[in-house]
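Visitor: One structure coming up, written as structure tokens, with questions to follow.
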Amino acid sequence: MASVVKIAIAQINCIVGDLAGNAAKILKYCEDARAAGANLMLTPELALCGYPPEDLLLREGFYRDCDKALQHLAREVTGITLVVGHPHQDNGKRYNAASVIGNGRIMGTYYKQTLPNYTVFDEERYFEPGDRPCVFQVGETQFGVNICEDTWGPLGPLNTRPDAGKVHVGINICADAWEAKAPRAAREAGAQVLLSLNASPYHMGKQVSRDDVMRERVTETGMALVYANLVGGQDELVFDGASFALDRRGEKVHQLPLFEEALGLVTIVDGELQRGTVSEPQPVEAEVYKALCLGVRDYVGKNRFPGAIIGLSGGVDSALTLCVARDALGAERVRAVMMPSQYTSRMSLEDSREIARNLGVRYDEIPIGPAFDAFLGLLAKEFAGLPVDAAEENLQARIRGTLLMALSNKFGSIVLTTGNKSEMAVGYATLYGDMAGGFAVIKDILKTLVYRLCEYRNDIERAIPERVLTRAPSAELRPDQTDQDSLPPYDVLDAIISAYMENDLSPAEMVAQGLDVESVKRVVEMIHRSEYKRRQAPIGIRITHRGFGKDWRYPITSRYREPYG
């Protein structure tokens, strides 16, 4: 008779610190998995506490409460083996752990061996690395446990002990202390299938690199791999799910959908993974738009805001932000506010009204002319004899920011700011004005990508008038103003930002690649000069491999500049 094992992948959306809620969700998925015939269920990394818990991991009480939640799971899980991620403290040391639970008890615990400490990851700040493989048996199949970076990092040489390869069978957990990289150690301990718990955040191109690296691990170890990834938004990070399984040849035999919770079932017959459902790849615009919607939905929902307020200008950035908010939250939870001044064009007013009408959201107009005149009157003596400049322009933006925040205070809804990455990079934004708000939806979206996302959204359902996409961008803070009065063309600007900020090219390298030297000098200087603004900006959704958030840490006060040739 064939040996059959069914593995359930619980691609779940956890809330950091909601131990009871996360445990209840895991138990519910266990029940569903058992009902579907699964023998084993795999959860994402640190699923019990949510990821990343950040400095909660420095608090003793957090570990005690996590352990209580883990013991509760152990008592409640029956009829299925559960592999659950959680933080663990042992003899004064703290670990990123995964425990194997079955028959009402914890059968063994694995400690993550490779701790990432780059881009958005700070695990060396919190955890000690483990050094022991963990292998357990379900049916006739031996499973090894790894956690995220364990399977991303290189394998390296294996220095075996004399008892290398021995598998403890008492409780089916291997606990030999070998000096080895995690996947190979699991294989040498007898594992046939590697189970990988992950909290791998999304950025454009991540799925391709993820697939490539995991195929390398399968090729190197000869083990099939089942990869469970977290889904959901957590502050600036968005986790895309897309959990999958690779057979021993590296062929993808199962993949769960992007950006939604799901329970997948992987069947193993006589040690071979069977083909299941593989989700189709999506265009990058579809991925990014879904990431933005999930990021907004979870930030607003998990922080219990009743809804969102957007300052609508008639421009492309606020139009995209409003589309995302409406699609993420529903029209009834979104409010658009247009605040025209004497410089606001009729076109902007007409287009704002049309966008709001197309999306079915509440729309209000609050003219700022009276407030602007009042402020100019108050400042008349101070400004006497001086030319009109950015002070008067920024005053308008700050009046608008004040009005939006007043509405937020009164009704409880969060203000979603509308600044894009191109603007945030070079400081083309007003502190306490258009930067005022609680969450920056398109903070990591370059202007050129903003247009692509608008076109993608219009292909689904036409919401944004065509002339919003074709007219010259303008802040409309003075007569006949356009963005290109103050900035290089956006295709040039975005190319420099991408090269310098995202890919760490030096100014000299950018010039050598053909970028205009004067534009490079200008933009790089603007990037560094604007650091003080970005430090005061709301957090926003990260969709590139480097955003202006946790993975951009430059000093505000610095005189260092690289040569341009």
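Visitor: Pairs please, first residue from the range 420-431 and under 17 Å from E392 (Cα atoms) and without any contact (Cβ under 8 Å) to a residue 40 or more places away in the chain, second anywhere and assigned to a helix (DSSP H, G or I) and open to solvent by less than 20 Å² (accessible area, probe 1.4 Å), Cβ atoms under 8 Å, 6+ apart in sequence or on different chains.
Guide: Short answer, once both residue conditions are applied: T430/A397; T430/G401.
Visitor: Could you run through the range 32-59 and say how many residues are surrounded by fewer than 17 Cβ atoms within 10 Å (Cβ to Cβ), part of a loop (DSSP other than H, G, I, E, B) and not aliphatic (A, V, I, L, M)?
Guide: So the answer is 2.
Visitor: Follow-up. How many of the residues in the range 324-340 are buried (at least 20 other Cβ atoms within 10 Å of the Cβ) and acidic (D, E)?
Guide: Summing the residues that are buried (at least 20 other Cβ atoms within 10 Å of the Cβ) and acidic (D, E) in the range 324-340 gives 1.
Visitor: In the list S279, S313, S345, which residue meets the criterion of being at pLDDT below 95, closer than 24 Å to A436 by Cβ and either surrounded by fewer than 21 Cβ atoms within 10 Å (Cβ to Cβ) or among the hydrophobic types (A, V, I, L, M, F, W, C) (or both)? Give the derivation first.
Guide: Numbers: S279 fails: closer than 24 Å to A436 by Cβ; S313 fails: either surrounded by fewer than 21 Cβ atoms within 10 Å (Cβ to Cβ) or among the hydrophobic types (A, V, I, L, M, F, W, C) (or both).
Answer to the selection: S345.
Visitor: Just give me the residues in the range 469-488 being free of Cβ contacts under 8 Å to residues at least 40 places away in the same chain and either open to solvent by 20 Å² or more (accessible area, probe 1.4 Å) or under 30 Å from E354 (Cβ atoms) (or both), in sequence order. Full working, then the answer.
Guide: Of the range 469-488, the ones free of Cβ contacts under 8 Å to residues at least 40 places away in the same chain are 470, 472, 480, 482, 484-485, 488.
Selection gives T470, A472, D480, T482, Q484, D485.
Visitor: So if I check each of A374, A308, which one is surrounded by fewer than 18 Cβ atoms within 10 Å (Cβ to Cβ) and among the aliphatic types (A, V, I, L, M)?
Guide: Details: A308 fails: surrounded by fewer than 18 Cβ atoms within 10 Å (Cβ to Cβ).
The match here is A374.
Visitor: Just to be sure I understand, how many residues within the range 507-529 are part of a loop (DSSP other than H, G, I, E, B) and buried (at least 17 other Cβ atoms within 10 Å of the Cβ)?
Guide: Of the residues in the range 507-529, the ones part of a loop (DSSP other than H, G, I, E, B) are 513-516.
If we keep only those that are buried (at least 17 other Cβ atoms within 10 Å of the Cβ) too, we end up with 515.
Residues flagged as part of a loop (DSSP other than H, G, I, E, B) and buried (at least 17 other Cβ atoms within 10 Å of the Cβ) within the range 507-529 amount to 1.
Visitor: For the range 193-249, enumerate the residues that are of a type in the set (D, E, K, R) and not in a loop (DSSP other than H, G, I, E, B).
Guide: Here is the first cut: in the range 193-249, the ones of a type in the set (D, E, K, R) are 206, 210-212, 215-217, 220, 235-236, 240, 247-249.
Scanning the range 193-249 gives K206, R210, D211, D212, R215, E216, R217, E220, D240.
Visitor: Only one of these conditions is not met by R275: (1) in contact with an Asp or Glu (Cβ under 8 Å, 6 or more places away or on another chain); (2) over 26 Å from K25 (Cβ atoms). Which number is it?
Guide: Going through the list (1) in contact with an Asp or Glu (Cβ under 8 Å, 6 or more places away or on another chain); (2) over 26 Å from K25 (Cβ atoms), R275 breaks only (1).
Visitor: Identify all residues within the range 356-385 that are in contact with a strand residue (DSSP E or B) (Cβ under 7 Å, 6 or more places away or on another chain) and either touching a residue at least 60 places away in the same chain (Cβ under 8 Å) or part of a helix (DSSP H, G or I) (or both); write none if there are none. Talk me through it step by step, then tell me what you get.
Guide: Here is the first cut: in the range 356-385, the residues in contact with a strand residue (DSSP E or B) (Cβ under 7 Å, 6 or more places away or on another chain) are 356, 361-366.
Selection gives A356 alone.
Visitor: Can I ask one more? So, of the residues in the range 1-20 that are out of contact with any helix residue (DSSP H, G or I) (no Cβ under 8 Å at 6 or more places or on another chain) and assigned to a strand (DSSP E or B), which turns out to be nearest to G233 (Cα to Cα)?
Guide: Of all residues in the range 1-20, those out of contact with any helix residue (DSSP H, G or I) (no Cβ under 8 Å at 6 or more places or on another chain) come to 1-7, 9, 11, 18.
When the remaining residues are screened for being assigned to a strand (DSSP E or B), the result is 4-7, 9, 11.
On the way: V4: 35, V5: 32, K6: 29, I7: 26, I9: 19, Q11: 13 Å.
Taking the candidates together, the pick is Q11.
Visitor: Only one of (1) within 19 Å of M405 (Cβ to Cβ); (2) open to solvent by 40 Å² or more (accessible area, probe 1.4 Å) is not met by T321, so which one is it?
Guide: (2)
Visitor: Take D122 and decide whether it is open to solvent by less than 60 Å² (accessible area, probe 1.4 Å) and of a type in the set (D, E, K, R). Break it down stepwise before answering.
Guide: Working: open to solvent by less than 60 Å² (accessible area, probe 1.4 Å): yes; of a type in the set (D, E, K, R): yes.
Criteria met by D122.
Visitor: With (1) open to solvent by 80 Å² or more (accessible area, probe 1.4 Å); (2) in contact with a helix residue (DSSP H, G or I) (Cβ under 7 Å, 6 or more places away or on another chain); (3) part of a helix (DSSP H, G or I) as the list, and G565 as the residue in question, which single condition is left unmet?
Guide: It is condition (3) that G565 fails.
Visitor: Between a residue in the range 34-53 that is within 22 Å of G79 (Cβ to Cβ) and any residue that is among the hydroxyl-bearing types (S, T, Y), which pairs come within a Cβ distance under 7 Å, given they are 6 or more apart or on different chains?
Guide: Within 7 Å, the pairs are N39/T81; L40/T81; M41/Y29.
Visitor: List the number of the failed condition for K443; all other conditions in (1) touching a Phe, Trp or Tyr at 6+ places or on another chain (Cβ under 7 Å); (2) outside any helix (DSSP H, G or I); (3) farther than 20 Å from M204 by Cβ; (4) open to solvent by less than 40 Å² (accessible area, probe 1.4 Å) hold.
Guide: (3)
Visitor: Restrict the check to the range 94-108 and report whether at least one residue is assigned to a loop (DSSP other than H, G, I, E, B), within 26 Å of D240 (Cβ to Cβ), at pLDDT 95 or above and not basic (K, R).
Guide: Within the range 94-108, not a single residue is assigned to a loop (DSSP other than H, G, I, E, B), within 26 Å of D240 (Cβ to Cβ), at pLDDT 95 or above and not basic (K, R).
Visitor: How many residues are of a type in the set (S, T, Y), in contact (Cβ under 8 Å) with a residue 12 or more places away in the chain and open to solvent by 40 Å² or more (accessible area, probe 1.4 Å) if we restrict to the range 196-232?
Guide: At the first step, the residues of the range 196-232 found to be of a type in the set (S, T, Y) are 196, 200, 202, 209, 219, 221, 227.
Within this subset, residues satisfying the condition of being in contact (Cβ under 8 Å) with a residue 12 or more places away in the chain are 196, 200, 202, 219, 221, 227.
Cutting the leftovers down to open to solvent by 40 Å² or more (accessible area, probe 1.4 Å) gives us 219.
So the count comes out to 1.
Visitor: Being in a loop (DSSP other than H, G, I, E, B), open to solvent by 20 Å² or more (accessible area, probe 1.4 Å) and either in contact with a strand residue (DSSP E or B) (Cβ under 8 Å, 6 or more places away or on another chain) or acidic (D, E) (or both): is that true of D491 here? Break it down into steps so the answer makes sense when it comes.
Guide: Working: in a loop (DSSP other than H, G, I, E, B): no; open to solvent by 20 Å² or more (accessible area, probe 1.4 Å): yes; either in contact with a strand residue (DSSP E or B) (Cβ under 8 Å, 6 or more places away or on another chain) or acidic (D, E) (or both): yes.
Criteria not met by D491.
The values are calculated or read from the model by the stated rules, or taken from the named source; none is laboratory data. It should be emphasised that the depicted structure is a prediction, and the values quoted were computed from it without experimental measurement. Because the Cβ atoms are built from the backbone with ideal geometry, glycine has one as well, and the counts that use them run over all protein chains shown. All accessible areas refer to the heavy atoms of the entire protein, side chains included, with ligands and DNA or RNA removed. Shrake-Rupley method; radii C 1.70, N 1.55, O 1.52, S 1.80 Å.
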